[in-house]
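Take a look at the structure set out below.
The values are calculated or read from the model by the stated rules, or taken from the named source; none is laboratory data. What you are looking at is a predicted structure, and each value in this text was computed from that prediction instead of being measured. Here the Cβ positions follow ideal geometry from the backbone for every residue, glycine too, while neighbour counts run over all protein chains shown. Note: accessible area is taken over every heavy atom of the protein model, side chains too, but ligands, DNA and RNA are not part of it. Shrake-Rupley method; radii C 1.70, N 1.55, O 1.52, S 1.80 Å.
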Amino acid sequence: RYVFFLDPCNIDLVHQKIKSIALCVSACPRKELKTLADIQKFAETNGSSLCSYELQPSEYTTDPRAAKLCPKYPVPESAPIPFFHRCAPVNISCYAKFAEALITFVSDSSVLHRLISGVMTSKEIIMGLCLLSLVLSMILMVIIRYISRVLVWILTILVILGSLGGTGVLWWLYAKRRMSTSGLETQIAKDNLQALLIYAIAATVFTVILFLIMLIMRKRVALTIALFHVAGKVFIHLPLLVFQPFWTFFVLILFWTYWITVLLFLGTTGSPVPNEEGFVEFRMSGPLKYMWWYHVVGLIWISEFILACQQMTVAGAVVTYYFTREKRNLPLTPILASVSRLVCYHLGTVAKGSFIITLVKIPRMILMYIHTQLKGKENACARCMLKACICCLWCLEKCLTYLNQNAYTATAINSTNFCTSAKDAFVILVENALRVAAINTVGDFMLFLGKVLIVCSTGLAGIMLLNYQRDYTIWVLPLIIVCLFAFLVAHCFLSIYEMVVDVLFLCFAIDTKYNDGSPGREFYMDKVLMEFVENSRKSMKEAGRGGGAEGRELKPMVGADEE
């Protein structure tokens with residue numbers, strides 16, 4: 001059942017060969033065996049022969065070949081590695097060189113020891129900094145609604161100053177070069193002057209276009225600020241939304257563990273066949289050979305299905321919040337209510353949406369594999385076509401993912417099937433294309449600044465705390481661990497925030513399309529969004545802009561689903 005190495009420390013990683021003889025044994029030695037007599041007694045007691053198959057247990061102490069065919073003694077105490085069923089020494093001191101061999105690019109063999117000692121000495125600081133990043137992320141999700149307007153103005157000022165400054169510098173360089181030219185200028189200098197003029201003109205055109213876009217979208221930016229403000233209120237009323245990334249990550253870990261376990265079983269499936277070297281290989285035949293394709297598709301589909309369940313859960317909870325006029329009448333646990341609706345009514349919708357993403361992702365992965373295998377062998381045209389196809393499939397995947405998320409929101413509102421919800425969401429997004437662009441550009445940049453803020457704050461705190469540690473010499477690994485964890489935590493939390501903003505936008509778009517604030521058609525939106533609508537009406541002088549919608553009305557759903 002287990003694999004036992006006669007000399008477990010004699011491993012050559014560079015050539016990917018195990019120099020030690022490996023034997024199949026029924027049990028690993030659970031205590032140290034100091035002599036050949038102990039090895040013989042272990043074989044007779046446990047029925048597990050630790051010497052080569054050529055020797056019988058009774059010959060261990062009498063045959064002179066035992067010095068070469070038996071393990072070096074003392075045989076260290078070992079235990080089987082879970083899933084892999086390899087006997088590994090309990091005392092892993094002999095694996096220090098094994099680990100150091102991984103760092104082939106470092107000539108100093110003590111670098112690994114110093115890195116590990118830095119992590120072990122500062123483990124309390126690392127755990128504290130990881131907790132700090134968690135707290136900072138939660139605080140930022142609450143206060144971002146108060147600083148969103150400041151962030152937008154900072155972004156606007158930086159863009160204006162950057163574009164004007166760049167354009168001004170280019171024209172200044174061109175004028176300076178033009179005034180200093182003489183009749184003896186070389187052709188290269190004339191070409192550089194001409195290129196500088198082209199760059200200055202292009203920068204001027206870009207700046208003008210950028211100003212026009214900002215002028216047109218300034219009202220949409222106000223909507224982004226309002227949505228961020230309302231999203232902060234959502235997290236106050238629905239605090240369990242903060243823990244959605246944890247549950248999703250936990251479920252994904254469980255599924256990936258199961259998937260790897262099945263993959264290991266598939267690796268030893270088939271008929272044992274001896275090869276030319278006298279060893280036994282497991283060779284699969286028939287339909288069993290293609291089972292791993294099914295397994296890989298299952299990995300992608302179910303992973304996407306789990307992520308889609310999170311999106312549907314968040315969408316259902318936020319929709320319930322938005323379309324409940326009196327927030328005091330919210331269900332006790334809107335998250336659990338959303339999960340209940342998902343399990344009872346919408347699993348098919350989620351499965352179909354995740355399957356569509358899988359259909360796009362698999363061809364892209366196949367093309368990426370082909371591109372990797374043909375690297376350096378294909379011609380320039382084939383390489384360009386492969387990269388173009390991969391890029392197009394990646395763009396299609398991102399667009400479908402965004403459309404799916406909005407389709408789940410439409411499903412949560414109307415309880416319609418996936419195709420109908422996707423069509424309704426697409427129509428709403430097309431009708432509000434400029435608003436969508438403003439939210440996805442300004443909003444994403446604001447959330448990116450939030451991630452940078454959390455990582456930089458955690459990294460700065462780490463540098464200040466690690467500065468007082470004198471027990472090690474290298475900070476690199478502890479600081480990298482802290483910063484990576486901080487980015488991961490910030491990304492998980494702010495991605496939920498981004499999801500809530502997207503759901504709120506679709507609810508707002510549907511609310512303004514089918515309601516106008518008149519008696520009987522009152523808005524469901526928050527006061528902040530109501531102020532935005534009133535300001536837009538005043539500026540455009542079009543009272544009742546939201547009325548007169550045609551077609552089937554999307555009826556907001558409050559509470560449980562209605563068939």
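Couple of notes before you dig in:
- Among the residues making up the stretch 35-81, those that are surrounded by fewer than 19 Cβ atoms within 10 Å (Cβ to Cβ) and either in contact (Cβ under 8 Å) with a residue 60 or more places away in the chain or of a type in the set (Lys, Arg) (or both) are 41, 65, 68, 72, 80.
- Residue in the stretch 54-68 that is in a loop (DSSP other than H, G, I, E, B) and touching a strand residue (DSSP E or B) at 6+ places or on another chain (Cβ under 8 Å) present: no
- Among the residues of the stretch 284-297, some residue qualifies, meaning at least one is assigned to a helix (DSSP H, G or I), exposed (fewer than 15 other Cβ atoms within 10 Å of the Cβ), on the phi > 0 side of the Ramachandran plot and of a type outside the set (A, V, I, L, M).
- For the stretch 329-337, the criterion of being touching a Phe, Trp or Tyr at 6+ places or on another chain (Cβ under 8 Å), open to solvent by 70 Å² or more (accessible area, probe 1.4 Å) and in the same structural domain as residue 415 (by the TED database) is met by no residue.
- Boolean, residue 126 is modelled with pLDDT of 70 or more, at negative phi and β-branched (Val, Ile, Thr): yes
- Qualifying residue in the stretch 241-264 (condition: at pLDDT 80 or above, within 30 Å of residue 526 (Cβ to Cβ) and not in a helix (DSSP H, G or I)): no
- Among residues that are within 29 Å of the chain's Cα centre (by Cα), among the β-branched types (Val, Ile, Thr) and either more than 17 Å from residue 145 (Cβ to Cβ) or open to solvent by 20 Å² or more (accessible area, probe 1.4 Å) (or both), residue 489 is included.
- Of the helices (runs of 4 or more DSSP H) lying entirely inside the stretch 338-446, those containing at least 2 residues that are at pLDDT 90 or above span 347-373, 380-414, 418-431.
- All conditions in (1) of a type in the set (Phe, Trp, Tyr); (2) at pLDDT 65 or above; (3) open to solvent by 100 Å² or more (accessible area, probe 1.4 Å) hold for residue 84, with the sole exception of (2).
- Filter result (over 22 Å from residue 292 (Cβ atoms), of a type in the set (S, T, N, Q) and either open to solvent by 40 Å² or more (accessible area, probe 1.4 Å) or outside the structural domain of residue 423 (by the TED database) (or both)) within the stretch 347-405: 379, 401
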